[in-house]
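Laboratory data are not the source of any read-out in this text; all were calculated from the coordinates shown. This one's a predicted model, so the numbers in the text were calculated from it and none came from an experiment. So basically every Cβ, Gly included, is an ideal-geometry build from the backbone, and we count neighbours across all protein chains shown.
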Amino acid sequence: MNEGEHRKELEGRLNELRALVEATADDRRPVALDQVAVGRLSRIDAMQRQAMAEATKRKHLHEIKRIESALKRMEEGEFGFCVSCGEEIAPARLKADPAVARCVGCAQ
C-alpha cells in the first residue's frame, strides 16, 4: 500500500468514527430519575446502556486522535517512520493499522 492508499483508508475510517460518535449521542444523554415514568429496572438498564455508550465514545475518540495524528505525520512527511526511534515502520504493520506510530521494537 502506498501513502495515498493509506490516506484514503484513514480518512474513510475517520469519517466513519465521527458519524458513529454523532449517531450515538442520544444513547449518552442523562437517564431520567422519574421512577413513576420509568421503572427502577428500566432505569438501571438505561444507565447501563448510557455507560456502555460513553465507553464506546471514549474508544472512538481515542481512535480519532490516532488517525488525526497519522494524517498529520503524512502532511509533515513523517508517515511510516517510528515516532520513537525514527526507523521505518514495516509495510505489513502499516497495512494492518495505518495509524500505528511506532515500529514493533518500540511498541514492545
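The dipole here belongs to segment 3-78: it is taken about the Cα centre, uses +1 on the Cβ of Lys and Arg and -1 on the Cβ of Asp and Glu, and is about 420 debye.
Rounded to the nearest whole Hz, the Karplus-based 3J(HN,Hα) values (6.51 cos²θ - 1.76 cosθ + 1.60, θ = phi - 60°) of segment 3-8 follow the sequence 4, x, 5, 5, 4, 4, with x at glycine and proline. Each listed q (0.16, 0.18, 0.25, 0.26 Å⁻¹) maps to a log10 I(q)/I(0) for segment 3-78, found by the Debye formula over equal Cα scatterers with no solvent: -0.66, -0.75, -1.06, -1.10. Per-residue 3J(HN,Hα) values for segment 47-52, derived from phi via the Karplus relation 6.51 cos²θ - 1.76 cosθ + 1.60 with θ = phi - 60°, read 5, 5, 4, 4, 5, 5 Hz in sequence order (x marks Gly and Pro).
Between PHE81 and ILE89, the built amide H atoms are under 5 Å apart, and every one of these is 5 or more places off in sequence or on another chain. Applying 1/(1 + (r/R0)^6) with R0 = 30 Å to the Cβ-Cβ distance of GLU3 and ARG49 gives a FRET efficiency near 0.15. Label point of ASP27 set 7 angstrom out along Cα-Cβ; within segment 56-80, amide nitrogens under 13 Å from it belong to 56-61.
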